[in-house]
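Quick note: the coordinates plus some simple rules give every number you see, no bench work behind them. Model, not experiment: these values are computed from the prediction. Neighbour counts are summed over all protein chains in view; Cβ atoms, including those assigned to glycine, are modelled from backbone coordinates with ideal geometry.
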Amino acid sequence: MTSAARFRQLLEGPELVFLMEAHDGLSARIAEVEGFEAIWASGFSVSTALGLRDNEEASWSQLLFVVECMVEAASIPVLVDGDTGHGNFNTARRFLRRAEQLGAAGVCFEDKVFPKLNSFVGDDHDLVDVDEFCGKIEACKAAQEDESFCVVARTEALIAGRGLDEALERAEAYRQAGADAIFIHSRQRDAREVTAFARAWAGRLPVVIAPTTYAGTPADVFRRNRISAVIWGNQSMRAAVTAMRRACREIHVRETASCVDVDLAPLDEVFELLRYDELAESERRFASPDRYAAVRSGR
Ligand code: SPV
Ligand code: MG
């Protein structure tokens, strides 16, 4: 089964699926090892890890290089945050084609004006016309090769303060344009906006959410309201920021590194995560002196 087919199965299946954000190969691997079934290649987190702002400052080839690292490091499906598609329908479909070639399972595009700004920054969140975004979705669906590959349409109507009715109208238009799922984003401190959306939506397509501001909502609330997928959009990156800052601060102030030893992953854990044992085993198999001796002696 391709990773796109697996992701579609998860998204359309009866269970609530959780996607953990990743921002590089290591965080993708950790998400898999810790039990997640799919990865969100977050635009915010990848940009942050590149030292850039979530304002489509990173070029799409920079983002997709990181996606390639994730696909290589983890075997679970990767849903790529395609932001606005980095321009028009044409840049969006080129982005999608490349993501598909790299082995991603799907791409998510949002109906903001390029360059989009992270949904939690300020109040200036302009949306593109519905028709323009529908054209983008249609172009992307026409461009994909694997029919299982998912195009998730994200509406920022609630973020832009346009209300539930417009969110539902936009989602329906995106469904008719061929979207495989609807990502409804909200920055309220509770889940009422997204659950109201999901109830009114009534299962026309899978609904995806990212509970960043309402992260404490019990998962059963999402299950009861027919939400299909939950994206933990930035927690891994933010955990890394806190841990790195603490370690750097302590080491700088104390001029020794042993003070942070208890907080650090042992080297063996890092080697295990990246499967150094596989390398050693392959070395024995493909590059051992015995092997050369056997080849030379004609055995
Ligand atoms: C991201 O993770 O890049 C997202 C989700 O788009 S959010 O940052 O919550 O807008
Ligand atoms: Mg994003």
Virtual spin-label span in nm between Arg291 and Arg238, 7 Å along Cα→Cβ:
4.7
Cβ-based net charge around Ala157, under 11 Å, with every Lys or Arg adding one and every Asp or Glu removing one
-3
Of the listed peptides 116-126, 267-277, 69-79, what is their order by residue-averaged count of other C-beta atoms within 10 Å, with the highest listed first?
69-79, 116-126, 267-277
Report the full-extension gain for the segment Glu12 to Val270: residue separation times 0.36 nm, less the Cα-Cα distance, to one decimal in nm.
89.4 nm
Scoring only Lys, Arg, Asp and Glu (+1, +1, -1, -1) among other residues with Cβ under 13 Å from the Cβ of Ala243 yields +2
FRET efficiency estimate (nearest 0.05) - Cβ-Cβ, Arg226 to Arg189, R0 35 angstrom:
0.95
Distance from a point 7 Å along Cα→Cβ of Arg245 to each backbone N in the stretch 255-269: keep the residues under 19 Å and list them by number.
260, 263-264
Given a cut-off of 33 Å, what percent of all Cα-Cα pairs of the chain lie beyond it?
28
How much net charge surrounds Ala177 when only the other residues with a Cβ under 9 Å from the Cβ of Ala177 are counted, with Lys and Arg +1 and Asp and Glu -1?
+2
